[in-house]
Each structure stands twice: as C-alpha cells, then as structure tokens.
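I have placed the structure first, in the form of structure tokens, so that the comments after it can refer back to it.
All of the numbers you see were taken from the coordinates with simple rules; none came from a lab. Just so it is clear, the structure is predicted and the values come from calculations on it, not from any experiment. So basically every Cβ, Gly included, is an ideal-geometry build from the backbone, and we count neighbours across all protein chains shown.
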Amino acid sequence: MSPENQIEKQIEEIKEQLKITPQDPLLIHDLGVGFFLQGKYSNAIIQLKKAAELDKRSALYRFNLGNAYAENDQPQLAVNAYLDALDIDPNHIPTLNNLADCYEQLGDPEKSLELFKYLVKADPDNALSHFNLGNFYLRQNQHIEAVRCYKDAITRDDTFVDAYFNIAWVLKQIKAYSDALDYVKKGLEADKSHQELNELKKELLLKIGFAT
C-alpha cells in the first residue's frame, strides 16, 4: 500500500471512531494531522482548531494548528497558535523554531533572529539549532555569519551533510572552488548518496578544470 493510500485508510478509520466518540480531542487532532499530511490544510485547520478548543492544555494541538496555518499561507494566525502553545510549554523547541520562521516571513527579522539565538543558547550542543541560525543569516545575505554557524553545527555533528553543502555553496559563490570542493568531499564521506552534494561536486570539478 502506498503512503498516500495508508494515510487515506487511517483517515477513514478515524472517521469511523469519531462516530462513536465525536468529541474525542485526540481523534479529532489525528484527523487534522491526516488532512495535513494530504496537503488539505484548510481541512486540517478546522479539525486541529476543534481539538485545541476541546483540550485547552495541549501544546501539541496548538503547535500542529500553527503548522497548518503556516502551510496555508496564514503566518499571523500561525504565530498566534505557536504563542498559545508556548504559553503551555515555553521550552518546546520545534514551536520556537517555527515561530522564528513565521516572524521572518512576516517581515520581522529582529524577532526571528532573537529566537534563533535563544535556541542556540538554550541547547548549545544541538547542531540543528546552529544550522537553523546559519540559514537565517544566509537568507539575510550575511554569509560570513552563516558559515560560522554551519561550522558550529559540524563541530557538534560531523555527519551534518546539509551544513557541509551550505558551506560549499557559499564558497562557490565567492569562487573559492577548491575550498568548496573540500567541504563537498567531507560531506560525501558522511553520505555518499547525497544528491545535491554530488551535483555540486560535478559543477566544482568542471569549474576547477576550466580554471586550470
């Protein structure tokens, strides 16, 4: 059975269970998640909002509601849902990260940066937090800061292939092709099948060949 068919099957099973217990917030939440996985974000919002109203102490329901709003291009409503989730669980890392993304989308990079920095301080050994901060800097065209964060991520997890790729990409932009290739090779040591790294390797080898 394909993943799509499996999700549809689970949705139908949840609907049958809801006929018996129509006010079960967990079932309603799971139905919303099912719609989310299908890309039916408006339907997901209806169900996740209902689940959150039924269970006023669930940070998870509000987090997933925020995700549905974000995917439905409603970032301000996503922010509201994430803030509600943080009222219940102030240290929920995925909520803080997604909230930072929404603030940036809404044109408030200062709030976004504040949150990304907080996440790094809150869990300094988490490579992903450093990587996400690097991505923020990269989107702001602060390439030196971005590379520093990616290196911090690699220091904490030397198999973080996307960090190797992003450093190599930045180095390619400034035509430091040999240095970029070094990072590509390090990334491929961790994941030989990484498609973007392999494509970048071919591109860099070609450019180095032209340069010589």
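Mind giving me the nanometre distance, one decimal, between the label points for Asp157 and Ala190, set 7 Å out from Cα along Cα→Cβ?
With each label placed 7 Å out from Cα toward Cβ, I get 0.8 nm.
Could you list Leu77, Leu99 so that the one with the fewest beta carbons within 10 Å of its beta carbon is first and the one with the most is last?
Leu77, Leu99
Assuming 0.36 nm per residue, please report the length gained on full extension of the stretch Met1 to Asp179 beyond their Cα-Cα distance.
Numbers: separation 178, 0.36 × 178 = 64.08 nm, distance 4.54 nm.
Extra length available between Met1 and Asp179 comes to 59.5 nm.
Could you pull out every one of the aspartates and glutamates with an alpha carbon less than 20 Å from that of Lys19, ignoring same-chain neighbours closer than 8 positions?
Glu8, Asp30, Glu53, Asp55
Residues of the range 49-93 with backbone nitrogen within less than 14 Å of a virtual label 7 Å along the Cα-to-Cβ line of Asp123, please, listed as ranges.
Backbone N within reach: 90-93.
Relative to the longest principal Cα axis of the chain, at what angle does helix 177-190 sit, 0 to 90 degrees, rounded to 10?
50
For the chain, find the longest principal axis of its Cα atoms and tell me its angle to the long axis of helix 75-88, 0 to 90°, nearest 10.
70
Sort largest first and round to whole Å: the equivalent ellipsoid semi-axes of the range 34-110, each the square root of five times a Cα gyration tensor eigenvalue.
19, 16, 9
Per q in 0.08, 0.09, 0.10, 0.16 Å⁻¹, report the Debye log10 I(q)/I(0) for the chain, using one uniform scatterer on each alpha carbon and no solvent.
Evaluating at q = 0.08, 0.09, 0.10, 0.16 Å⁻¹ gives log10 I(q)/I(0) of -0.39, -0.49, -0.58, -1.05.
Are there trypsin sites (Lys or Arg not before Pro) in the range 52-84 that DSSP puts in a loop and that have at most 12 other Cβ atoms within 10 Å, and which ones?
Loop-located and lightly packed - Lys56, Arg57.
In what sequence, highest mean first, do 186-199, 36-49 appear when ranked by Cβ atoms within 10 angstrom?
36-49, 186-199
Report the calculated FRET efficiency for Thr21 and Leu106 (r = Cβ-Cβ distance, R0 = 41 Å), to the nearest 0.05.
Approximately 0.60, to the nearest 0.05.
As an exercise, identify the chymotrypsin sites (Phe, Trp or Tyr not before Pro) in the range 120-212 lying in DSSP coil whose Cβ has no more than 12 other Cβ atoms within 10 Å.
Working: sites: Phe131, Phe136, Tyr137, Tyr150, Phe160, Tyr164, Phe165, Trp169, Tyr177, Tyr183, Phe210; in loops: Phe160.
Those that pass, being in a loop and sparsely packed, number zero.
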